[in-house]
Amino acid sequence: MKLTKEELDRFGEEMDAIRRRVLDDLGEEDAAYIRNVVKTQRAFEVAGRALFYLPPAWPLAVASLSISKILDNMEIGHNVMHGQYDWMGDPALSSRMYEWDNVCPSEQWKYSHNYIHHTYTNILGKDRDIGYGILRMDEDQPWHPYYLGNPVYAFLLMVFFEWGVAMHDLEVENIVAGRRKMSENKALHAGIMRKVKRQALKDYVLFPALTGPLFPMTLAGNATANLVRNIWAFNIIFCGHFPAGVATFSQEECEDESRGQWYYRQLLGSANITGGKLFHLMTGNLSHQIEHHLFPDLPARRYPEIAIEVREICERYGLAYNTGPLRKQLGSVAAKICRLALPDRRRTTSDAPVAAEPVAA
Amino acid sequence: MTLTQIGGRVLRSRAVAALTSPHGVDRYLEQINPMWAAHEVRARVVSVAREVDVAGHPPVATLTLQPTSTWRGHRAGQHVQLGVEIDGARRTTRVFSVSSPESRTGDRITITLRANPGGRVSRFLVERAEPGTVVHLTQAQGDFVLPDRVPEHVLMISGGSGITPVMSMLRTLQRRTHRGRITFLHYAQSPEHQIFATELDEVRRSGHGIDVHLLHPELGDPNLSPAFLERLVPGYRDVPTWACGPAPMIEAVRAAYDGSDALRLEYFKPPRTGSGAAGGELVFERSGRTATNTGASLLEQAEAAGLTPEFGCRMGICFSCTSRKTEGTVRNVLTGAESSLPDEDIQICVNAPVGDCAIEL
């Protein structure tokens, strides 16, 4: 660790202070914001479904529906299920009730994402989001000939991302390794199948059927919208923890972690993407992955304002703040996926958490 | 069948549910008009009328509400949970008795309430709600109702704002032109504080077998006691009685009836008696905190331990506070029933631990 224990404690207190200040300030504007996003999402959804009746407008219909699904899953679903809007007391925006337009049942996702990933962020062997159990995303994952297919697996995961996320909870890799029993998955299977049936019925049977002779066009359009959402979500999410310079941690160094150390790990284990307002909205503000990991339950619309303070704090403590434009972060992730497909060439580079070089925004 | 009914049928159909999955049709209808709903119940405030306005005392008002077409009506004596969004953000729900006579699908209803100094919802409704304000409702609930076949003689006892459910009963009986005898006994602070004074005065003067007794013990009228009741209604213990009011009055009524099953009660706050047994250890599993069991409700003990569990009515009605008890015995302070089942979902506002108890909070 670069910081002394006292420094870490003070760092933690500064982060806690930001959190408290934002919590005390939550109110009408935050409520109006998320309601407005929901309204926009519903409008794009209805427009998308309706435009399939006009064959020449097919690309427009697909675009509308894609935007709807991206907003639903990211700025609304992901953030609502984090409990960011639970303080509003609105059942429609409650983390306990919200279900998203995605084949992964929200109940299971909340366990694997909110609990496992956000608690054990970037701890090898604990955080199952490192490679999602199928990819090699870190030097400290031992190489195996299976990983020669790393880029292919990554491509398939991107195309079928919502299915990957749903399957993620079944911990297939742990079953293969004998750490988990098939019987433990029974209840999960039922939940996934129920959700899959509902999603498939809507997108691949009912809405296409409602357009009569245009059935195949509508079916293809709905599948395309799901694909667009998959590709977009995969790319944004992979830029969150895998660009070069993002640190991973061993289980030993995270034992008996203090609050300050937890914040420190969240900060060094995440990376941001720079962009404009619309871009941040379409990423569900996961472009502020660092702020999201520091404060997962604060409304995401607050991340840009929080980011200014977090960067200032990082500069004072000499901590890396990993950010860059989408193409740079994506390029870095793609390079890592390909590089780690092969066995390590330089064994010396694999020592555990190295603080990232500060990257200019 | 009217057009509205056909529309309702369609909106509640399985086909529409499948098309609007996972959000449900109400999440779309509300975007167009908050008074459109297929399942949920909401209401628009039609008018707010001051019933009692004594300087230096909290005012009492009657709100006339136009519910959505989903309102299934209520039986005289029932209550609703009413949620308001204060400053457009934090929805808070409280329970109010309906004061208007029994209603049918879509009928207007009234609630009558005192703006309690510490009551956020009641103060909002009395002081800030205006025609057009939309509130959230549940269907009518509660067993404190008149039977379909009304007995020859009924006795109604109420105190303060506890008059509302029995007022609904009285008005209902008048509308049904009930031929039997009604004894209506109400306790208020002073004649100035009398809710529905004009209407009750008219009822008293018109006779028709309704005896109205408005009592003000602070001004020298007799307190509620077995002797007084016996003088007013000889053999009162066998007369079907409905009583509603503050806890001390309810206790006096309960004592006067000595376990008679002619008595039906409605109270606003759970009685303090019969809570759990103090002693033992309370474990809040999610937060990792522990406390010594004081015998108070789990909700109160969790709050005392610095936790902020979700809650609504705090009287065992709304289920907002439902949490999972993993082990231990709890006693329901309303019914006195004890339960020791592991992994049980309980309402923490009306359950108190008996000895050791672990809860997921």
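General remarks:
- For the range A:35-63, a decrease in accessible area of 40 Å² or greater in the assembled protein chains relative to the isolated chain, with a 1.4 Å probe, applies to A:R35, A:K39, A:R42.
- Chains B and A together, accessible area buried on both sides, 1.4 angstrom probe, square angstrom: 2000 Å²
- Percent antiparallel among DSSP beta bridges (both partners in the protein assembly as shown, rounded to 5): 60 percent
- Over all orientations, chain B has a Cα convex hull whose mean projected area works out to 21.3 square nanometres.
- Ratio Rg/Rh, restricted to the range B:40-137 and using Cα atoms, in which Rh is the Kirkwood radius: 0.95
- Total charge dipole magnitude, the protein assembly as shown, about the Cα centre, Cβ charges on Lys, Arg, Asp, Glu only, Debye to nearest 20: 2320 debye
- Think of each Lys and Arg Cβ as +1 and each Asp and Glu Cβ as -1; about the Cα centre, that makes the dipole of the range A:188-284 roughly 720 debye.
- On full extension, the segment bounded by B:D201 and B:E285 gains 24.5 nm, given 0.36 nm per residue less the C-alpha separation.
- From helices alone, the protein assembly as shown scores -10500 deg cm²/dmol at 222 nm; the rule is -39500 (n - 2.57) for each run of n ≥ 4 DSSP H residues, then divide by the residue total.
- Backbone N within the range A:1-23 under 11 Å of label point (7 Å from B:T308 Cα along the Cβ vector): A:20-23
- Sorted largest first, extent of chain A alpha carbons per principal axis (Å): 68, 53, 39
- Take each residue in A:193-206, count the other chain C-beta atoms within 10 Å of its C-beta, and the mean is 2.
- Label point at B:D53 placed 7 Å out along Cα→Cβ; residues across the range B:113-140 whose backbone nitrogen lies under 17 Å: B:113-116, B:123-131
- Each residue of the range A:190-205 was assigned a 3J(HN,Hα) from its phi angle through the Karplus expression (A = 6.51, B = -1.76, C = 1.60, θ = phi - 60°), giving 4, x, 5, 4, 4, 5, 4, 4, 5, 5, 5, 4, 5, 7, 10, 10 Hz with x at Gly and Pro.
- List A:W143, A:W262, B:W71, ordered by accessible area with a 1.4 Å probe, largest first: A:W143, A:W262, B:W71
- By accessible area with a 1.4 Å probe, ligands and nucleic acids excluded, highest first: order of B:E230, A:E162: B:E230, A:E162
- The share of Cα pairs per 5 Å bin across the range B:281-359, counted from zero up to the longest distance, runs 3, 18, 32, 30, 15, 2 percent.
- Length gained on full extension, B:E327 to B:E127: 67.5 nm, using 0.36 nm per residue less the C-alpha separation.
- Highest-first arrangement of B:162-169, A:55-62, A:166-173, where packing means the average Cβ count within 10 Å: B:162-169, A:166-173, A:55-62
- Partner shielding of B:82-89 amounts to 4, given as the average count of beta-carbon atoms from other chains within 10 Å of each residue beta-carbon.
- Within straight-line cross-link reach of B:K325, lysines at Cα separation under 26 Å, skipping those fewer than 8 residues along the same chain: A:K110, A:K186, B:K269
- 10 Å Cβ neighbours from other chains, averaged over peptide A:86-93: 5
- Exposure rank, largest accessible area first [B:S99, B:S47; 1.4 Å]: B:S47, B:S99
- Computed magnitude of the charge dipole of the range B:281-359 (debye, nearest 20; Cβ of K, R +1, Cβ of D, E -1): 180 debye
- Subtracting the Cα-Cα distance of A:L342 and A:E7 from 0.36 nm times their residue separation leaves 116.7 nm of extension gain.
- In this entry, the protein assembly as shown is assigned a mean projected area of 37.5 nm², taken as a quarter of its C-alpha convex hull surface.
- For chain A, built as a Gaussian network whose Cα springs stay under 10 Å, the top-fluctuating residue of A:T40, A:T218, A:T323: A:T40
The values are calculated or read from the model by the stated rules, or taken from the named source; none is laboratory data. Computed from a predicted structure; not experimentally measured. We place every Cβ from the backbone using ideal geometry, glycine too, and count neighbours over all the protein chains shown. Surface accessibility is based on the protein's heavy atoms, side chains included, excluding ligands, DNA and RNA. Shrake-Rupley method; radii C 1.70, N 1.55, O 1.52, S 1.80 Å.
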